[in-house]
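Okay, structure first, notes after.
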Amino acid sequence: MKKRLFYGFLCVLAVSMLLSAAVCADTGPKPSVHIRFENMPDALCYGTLLSKTDSTGPSSAWDGVSEYYDHEYGEEGRSIWQAFVNYEDADGFYFLQQWWECSETQPLDWTYYPPQTFKILLYYPESGAFAVSDICQRYAFDSYFSVDAATMRASVLNADGTKQFNLTAETDYDYARALLSLVCRIAITILIELAVALPFGLRQKKLLPLIAGINVITQIILNLALEAIGFRQGYYAFVAYYILFELLVFALEAFLYSRLFFKKGAAVSKRRAVAYAFAANACSFAGGLVISNLIPGIF
């Protein structure tokens, strides 16, 4: 028995190492920054993130020599690019030659290697004015911010006489949705595992509350851990650790069921208890994958 547990532990450790390596691969999703705008004026606006460092991923500051490359705005974007290049930030932050048209319906989404420490910079080509935020930090794998243009205030005149405004950026992570998702995942898992208990003959009144109680504890711990991992490391890490943690939950529940079913006086063999733990966790895992495709917001 001890050898089996030891070899099982080695298998789980090996899977963990393989999954961790996969998460680090460049094929997976990258951290992102999403800026949502409110009360934007009707004037045409372009936005970028100024970076504390002069490069991040494939994006870098202009070297002063290279020609303007073919951005999605083509040659018409040269004047926009030049305006951002010429902008001199008070704290020495860099323009990394990435920008987007911004409005209330067009958020600024930097989804591939955004800067870790940055400022939000908006440019209004019709007036030549700029608006810049204070220093911001990515706080999660997918960091969300909101900017209310109604709070913009004039700060200084640029050398060419155009105005520069100050912006206020607020974190905009939907914690209520994350909590609802957490509760739904826990509830769905418990319902699935209680349903699986019926074909195994675990219908006794004394067993179903025990199964529910054990699942409440294990699922709260599991889902809190997964929520923290997803928040910091993203979806691929969430899935990888989901597989690993499900194996650990199965082992824990199999151990508890094989001990506690017997103490409750139920005529349930250890083999049947372990088989139920495996089937229940396999069904809840598969059910979670199916539901995540049907209702992506829950997972």
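The values are calculated or read from the model by the stated rules, or taken from the named source; none is laboratory data. This structure is a prediction, so every number in the text was calculated from the model and none was measured. FYI the Cβ positions are ideal-geometry reconstructions off the backbone, even for glycines, and counts take in every protein chain you see. Heads up: the accessible areas ignore ligands, DNA and RNA and are worked out on the full protein's heavy atoms, side chains in. Shrake-Rupley method; radii C 1.70, N 1.55, O 1.52, S 1.80 Å.
Of all positions in segment 229-239, none carries a residue that is in a helix (DSSP H, G or I), farther than 21 Å from Y144 by Cβ and either touching a Ser or Thr at 6+ places or on another chain (Cβ under 6 Å) or touching a residue at least 60 places away in the same chain (Cβ under 8 Å) (or both). Look at segment 40-51: where a residue is within 28 Å of G92 (Cβ to Cβ) and a partner is of a type in the set (F, W, Y) and open to solvent by 40 Å² or more (accessible area, probe 1.4 Å), sitting 6+ places away or on another chain with Cβ atoms under 9 Å, you get Y46/Y73; Y46/W100; G47/W100; T48/W100; L50/Y94; S51/Y94. Taken over segment 240-257, the criterion of being open to solvent by 50 Å² or more (accessible area, probe 1.4 Å) and within 19 Å of the chain's Cα centre (by Cα) is satisfied by Y241, I243. When D134 is tested against (1) of a type in the set (D, E, K, R); (2) closer than 23 Å to G92 by Cα; (3) open to solvent by less than 10 Å² (accessible area, probe 1.4 Å), exactly one condition is not met: (3).
Checking segment 192-213 against the condition returns a match, with at least one residue being open to solvent by less than 30 Å² (accessible area, probe 1.4 Å) and not in a helix (DSSP H, G or I). For segment 31-56, the set of residues classified as surrounded by fewer than 15 Cβ atoms within 10 Å (Cβ to Cβ) and either under 23 Å from D142 (Cβ atoms) or small (G, A, S) (or both) consists of E38, A43, T53, S55, listed by residue number.
Among the residues here, N86 does not qualify as modelled with pLDDT of 75 or more, open to solvent by 40 Å² or more (accessible area, probe 1.4 Å) and touching a helix residue (DSSP H, G or I) at 6+ places or on another chain (Cβ under 9 Å).
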